[in-house]
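Structure first, then comments.
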Amino acid sequence: MTMMRLHRVFQGPRLLPCVRMKHGVAPAGFSRRHFKKDLLSILDSSVTPVTVTEIRQYLREHTISFHDGYSCLHVPSPFTPNKDNLLFIDKTTGRFLCKDSLLEGTWEDFKDSMDLLTKEGSTFLSPDTMTSYLEDSDSEEGERQINNMEMSRIWNKAVWIHDLEEDDAQIIKAMYNISKITNSTLNKFGVKCFQPTKSLVFPWYNPRDFTMKGLKLLSAVCRADVVDYIETLYPRPSHYNNLFGITVMGKKDTEVVITSREVDSLAIYQATGITTVSLPRGISCLPPVLLPYLEQFKRITLWLGDDLRAWEASKLFSRKLNIKRCSLIRPGDKQPSPLKALNLGLNLNKLIKASLPASHKSIISFRQLRSDVFSQLENIDQVAGVKWTRFPELNKLLKGHRKGELTVFTGPTGSGKTTFISEYALDLCTQGVNTLWGSFELNNVRLAKIMLTQFSLLRLEEQLDKYDQWADRFEELPLYFMTFHGEQNIKSVIDTMQHAVYMYDINHVIIDNLQFMMGQEHLFSDKFAVQDYIVGAFRKFATENVCHVTLVIHPRKEDDDKELQTSSIFGTAKASQEADNVLILQDRKLVSGQGKRHLQVSKNRYDGDVGVFSLEFNKSSLTFTCSKSKAKVKKVNKENETPDDVPDTTPAKKK
């Protein structure tokens, strides 16, 4: 085993998920490797840039045969004596997965394995030999045992639907709208009922030996006249991902329908018999580690739901899956979710055959855009984006948080920009907006402490007994941090952002702040030209990746007694010109000592509404709230607006 690299230093940025990082203890003389024995475990997100051209070149140089697949390159697995068993290498990241041995790792791990294979003159590397150097730490092993015990307790206590009394079975099916799903279909997918909470239990099986590796509980909670469905995952979603229905698919199947809910997969199989799987976390993400299990399919239909967010997710996921083999089902009254379509008696086979190709050569007329335009008009509230729950006054101006936009945020030094923007982003993250933080001024520990305080609304340093409770809840948020600190190169930052979008389907990136990237750039001698170049790079990234970027920029030095304007943003006018939204945190207390903070929306490309509203700061919870005064929002008439129109006192009543 001497060929293993003992002290590899990863050049380039690293990306830390907001979960407890795993730290195992390797035997003396060996470094911790990234091989994983368990299927589909969370990926270590170290960014080691590699292109598919470099991967192909390496394989050719080492006479390793490969097949160019849809999302992955297929090569003979070095971890099994049977060369018919394949190893899949992701074309975008270089990560590999061997479906037979269930080992996965980075591109560097694969190259190390090839070096070791050559050194020892072996025909294959035993997976047990490789993983013997990766024994879990006591804490990891303890957590795994607790998860397994909890899963076993739930699974063993759950009963098959066909074993319930007929009246009880009908009630359960009615609760989840699956009355038309037969017991035979439920049994085939392994669905049970956990009677104490009347929850459906969906298992995640190991596709190699069909052992259970995880499960999802779907519970119905009635609030007034509305029924909410709540999902609980074991183990936590950050620790394991799998495809529900993976053991039902045949090895020779060439067509699959991907859904976002298990009940939708049951409906499709019930009505059509077509192979179908559902994603572990719905429309929030498609983990790349699942892609090898979808390589066999020549046609993939994405039917993720009946709203605009599901439609947008379908278009994004089709990029990972190879857009040429993907078809999408557009949400609409005549094309609802699969379960609803089944209950309405619609022909699901017909709907699947009528799905739209994900790729179009060109748009030649309004006729091809007509349905898209109608969808935008019909779902105007969804088009406006995700609403803030902590800042309802912001919704009145911006209407919502939308993908693909660039927001520029500024405010005086010491006004609380980072504190506000962390709560602004946390609000969205708690609603399922996958978020990546790039904090170059504040280290991640301090930032995470601020966000945890804002999340819990408690001073946890005074209530340490509640820390684990809130940390566990905070850990489950789709929140990730870049490990950059201080001055950084814009290319490294953009590469990391693109990696995060691919790996974690990031919807929102916060960069705090732009000035920390300007010192690393030598393309131009003019600092304003450097800033324009960086702003342009973020604008391009937001558009091409359909990802919202919030960019914090310090204002230029101005008189303390003046309110900031859009023109106060440091640099040229390019930042405000490229931005879809411009937010300014006005802080009169820096001058008067007793004034209030205001949030001003000075640009809104979506519908033009601009204005300002007061904020009150709670020091104990580090949170901002909209003023309780009835006179909250003052909208500004853009036609008559002048720089002096921005108020420096409590805003007047909304028009």
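Conditions tested, residue by residue: (1) aliphatic (A, V, I, L, M); (2) within 20 Å of Gln170 (Cα to Cα).
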position	(1), (2)
Thr182	no, yes
Phe202	no, yes
Arg223	no, no
Tyr229	no, yes
Leu233	yes, no
Output the residues belonging to the stretch 47-85 that are open to solvent by less than 10 Å² (accessible area, probe 1.4 Å) and part of a strand (DSSP E or B).
Cys72, Leu73, Val75
Can you confirm whether the stretch 578-586 contains a residue that is modelled with pLDDT of 90 or more, surrounded by fewer than 20 Cβ atoms within 10 Å (Cβ to Cβ) and part of a helix (DSSP H, G or I)?
yes
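So which residues in the stretch 528-572 are in contact (Cβ under 8 Å) with a residue 24 or more places away in the chain, part of a helix (DSSP H, G or I) and open to solvent by 10 Å² or more (accessible area, probe 1.4 Å), if there are any at all?
To start, the set of residues in the stretch 528-572 that are in contact (Cβ under 8 Å) with a residue 24 or more places away in the chain comprises 528, 531-539, 541-543, 545-555, 560-561, 563-572.
After this cut, where a residue has to be part of a helix (DSSP H, G or I) as well, the list is 528, 531-539, 541-543, 566-568.
Of everything in the stretch 528-572, those that are in contact (Cβ under 8 Å) with a residue 24 or more places away in the chain, part of a helix (DSSP H, G or I) and open to solvent by 10 Å² or more (accessible area, probe 1.4 Å) turn out to be Phe528, Asp532, Tyr533, Gly536, Ala537, Arg539, Thr543, Thr566, Ser567.
Listed here are the residues, each with its yes/no results for (1) open to solvent by 70 Å² or more (accessible area, probe 1.4 Å); (2) in a strand (DSSP E or B); (3) under 23 Å from Glu165 (Cα atoms).
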site	(1), (2), (3)
Gly190	no, no, yes
Thr197	yes, no, yes
Val201	no, yes, yes
Pro207	no, no, no
Ser219	no, yes, yes
Tyr229	yes, yes, no
Thr232	no, yes, no
Arg236	no, no, no
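Residue-by-condition table, conditions (1) of a type in the set (S, T, N, Q); (2) touching a strand residue (DSSP E or B) at 6+ places or on another chain (Cβ under 8 Å); (3) at pLDDT 85 or above:
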position: Lys192; (1), (2), (3): no, yes, yes
position: Gln195; (1), (2), (3): yes, yes, yes
position: Val201; (1), (2), (3): no, yes, yes
position: Trp204; (1), (2), (3): no, yes, yes
position: Leu215; (1), (2), (3): no, yes, yes
position: Thr247; (1), (2), (3): yes, yes, yes
position: Lys252; (1), (2), (3): no, no, yes
position: Ser260; (1), (2), (3): yes, yes, yes
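Which residues, counting only those in the stretch 86-122, are open to solvent by 40 Å² or more (accessible area, probe 1.4 Å) and either β-branched (Val, Ile, Thr) or over 26 Å from the mean Cα position of the chain (by Cα) (or both)?
Just the residues of the stretch 86-122 that are open to solvent by 40 Å² or more (accessible area, probe 1.4 Å), to begin with: 86, 91-92, 99-100, 111, 115, 118-122.
Across the stretch 86-122, the qualifying residues are Leu86, Thr92, Asp100, Lys111, Asp115, Thr118, Lys119, Glu120, Gly121, Ser122.
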Just the residues that are in a helix (DSSP H, G or I) and touching a Lys or Arg at 6+ places or on another chain (Cβ under 8 Å), please, taken from the stretch 458-492.
Leu460, Glu475
When residues of the stretch 454-501 are filtered for being hydroxyl-bearing (Ser, Thr, Tyr) and open to solvent by less than 30 Å² (accessible area, probe 1.4 Å), how many remain?
3
Take the residues in the stretch 372-393 that are open to solvent by less than 50 Å² (accessible area, probe 1.4 Å) and out of contact with any Cys (no Cβ under 8 Å at 6 or more places or on another chain), then tell me which one is modelled with the lowest pLDDT.
Ser375
Does Thr259 meet the test of being β-branched (Val, Ile, Thr), open to solvent by less than 50 Å² (accessible area, probe 1.4 Å) and either touching a Lys or Arg at 6+ places or on another chain (Cβ under 7 Å) or within 15 Å of Ile329 (Cβ to Cβ) (or both)?
yes
Only residues that are of a type in the set (Ser, Thr, Tyr) and surrounded by 20 or more Cβ atoms within 10 Å (Cβ to Cβ): list them for the stretch 429-447, please.
Thr435, Ser439
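The values are calculated or read from the model by the stated rules, or taken from the named source; none is laboratory data. The structure presented is a predicted model; accordingly, all values stated were derived computationally and were not measured. A quick note on method: Cβ atoms are made from the backbone with ideal geometry, for glycine too, and the neighbour counts reach across all protein chains shown. SASA here: full protein model, heavy atoms, side chains in, ligands and nucleic acids out. Shrake-Rupley method; radii C 1.70, N 1.55, O 1.52, S 1.80 Å.
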